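Only one structure is covered here, and it is reproduced in the block below.
Values in this text are rule-based calculations from the coordinates and carry no lab data. This is a predicted model, so every value here is computed, not measured. Methodologically, a virtual Cβ is constructed for each residue, glycine included, from the backbone with ideal geometry; neighbour enumeration extends over all protein chains shown.
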Amino acid sequence: MSSTFTLGLIGGLFTLGVIFEMLRRQRLREKYAVIWVVVVLATVLLALFPQLLTRSANVLGVEVPANLLFFGAIMLLLFISIQLSYEIGRLEERTRTLAEEVALLRLQHEQAHGPSAPEPTDVVEPDDRGVDDEAKEDDRW
Amino acid sequence: MPLRPDERVLVVIPAWNEAGIIATTIAEIRASRPGLDLLVVDDGSGDDTADIAEAAGALVARLPFNLGVGGAMRAGYRYALREGYDVVVQIDADGQHDPTYLDTLIEGLGEADVVIGARFAGEGSYRATGPRRWAMWLLAGVLSRLARTRLTDVTSGFRAANRRAVAVFADHYPAEYLGDTVESLVIAIRVGCTVRQVPVEMRPRTVGQASQSPLRATVYLARAVVALGLALVRRWPAATETLGQEKG
C-alpha cells in the first residue's frame, strides 16, 4: 500500500509541477491544463485514500480494483485524444482558409502593383532572424 | 443556351508539380476558346509550375503549402465569386482534359448549375476494372439517384459551374480526398443546384499514370464508400467557423 501511496503522490506532484511551470512560461493554455490538473488531483486523492478505489470497485462489481483504475484511465486518455484530434481538425480548417486567403491576397497585390518579390524560399535574407528567434525563445525560459 | 456575349468565364486549373505540362495545357485552353480568363492555383508546388504558368500568361494564385485539389479549387471559386465571374470551369493541369470540350461544358450550363465532363458517357475508351470499377459504379449510382439524372463519372475533375454553384463552392468545397469531387456534388444537390453531365473523351495522362494496383483500387473503394457515406449523413448547412464568409 505504501508504495502505491508514494508513487501516486510523487507522480502527481511531479506532473502538477510540470503543468504549473508550463503555464507560467505560457507553453500551455489554461483550457488544456484544466483537464490534466483534474487528473492529477484524482490521482493524488486515490493515493491518499486507496479505499475509495476498492469501495467503488466493490460497488461496481469489479473483482480487481486495479482493473477499474485502468479502465477509467484508458477511457479518459481516449477521450482526451479524441478531443485533441478535434482541435487539430479545427486548426487545419483554419490554416486551410488562411492559406487560400494568402494566395488570393498575393494575387490581388500582384495584379495591383506588378509582380512582387521572388519566392521567399529563393532568397535567404542576410540578417536571417531564425537564430535570433530561437535565442529569444530560450530567454523566456 | 448560348453564352451571352458579356458573360465572363474563368478557367481554374489546380496544379501541383506540373511544370512539365502546364504551359501546353494553358496554350491549348487559350487556343480552344479565346477571351477566357485563366487562373492557375499552384498548390504548393516544389517546382516552377507557378512561374511557368505566369510566363504563359495565366493568373497565378500561389498556395503557401499543399492543400489538395479541394483547397486549390475553393480558392479558385472564392476568386471567381469576388471578381464577379459568371462561369467557372475546372480543368486538370495534366492535360487529360481536352479543352475542345470547353464549349460543350459551358453550353450545358443552360440547363444545369453544374456540368460534369464525363467519361463512360459514350465518348472515349477509358475502362476501369475490379474494385476501382465497383467504386465508380457505386458513386455514380448513388449520385445519379440524388441528382435525378444519369451520372457516370462523378469523380471527374472536368466541370463547369454557374454563379449559383460558384457561390456555394466558394464556401463549401471539401479538401478531403474524394470529398472534393464527390462531396462537392452532394453539397450542390443539397442546396438545390441541378447537376448534369456531358460526354467527353479524356486523353491518357501525359505525365504520370493513375495507379491500377488491386490494393490501391481497394483502398480507393473504401475511401469512396466513406466519403460518400459521410457526405450523405452530414448535417446541413454545415456549421464550421471558417464557412459562411462569402456573401457574393
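Ranked from highest to lowest mean number of other Cβ atoms within 10 Å per residue, what is the order of the peptides B:154-162, A:7-15, B:133-141? The partial results should precede the final answer.
Values: B:154-162: 24.3, A:7-15: 14.4, B:133-141: 17.7.
Going from most to least packed, we get B:154-162, B:133-141, A:7-15.
Given R₀ = 45 Å, what would the calculated FRET efficiency be for residue A:27 paired with residue A:5, taking r from the Cβ atoms and rounding to 0.05? Don't skip to the answer; put the middle values down first.
On the way: r = 30 Å, r/R0 = 0.68.
For residue A:27 and residue A:5, the calculated efficiency is 0.90.
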Using every alpha carbon pair in region B:1-56, what percent of pairs falls into each 10 Å bin from 0 up to the bin containing the largest distance?
23, 49, 20, 7, 0
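For A:63, B:54, what's the fewest-to-most ordering of other Cβ within 10 Å of each Cβ?
By the 10 Å Cβ count, ascending: A:63, B:54.
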Simple Cβ-charge dipole of region B:9-233, Lys/Arg +1 and Asp/Glu -1, about Cα centre, in debye nearest 20
980
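Mind checking the alpha-carbon convex hull of region B:9-233 and giving the volume per residue in Å³? Each step should come with its number before you reach the end.
Working: hull volume 25.4 nm³, N = 225.
Roughly 113 Å³ of hull volume per residue.
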Cut-off 12 Å, label point 7 angstrom out along Cα-to-Cβ of residue A:71: give me the residues of region A:43-58 whose amide nitrogen falls inside.
A:56-58
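For each of A:32, B:77, A:86, count neighbouring Cβ atoms within 10 Å of the residue's Cβ, then give the residues from fewest to most.
Numbers: A:32 15, B:77 27, A:86 10.
Lowest count first: A:86, A:32, B:77.
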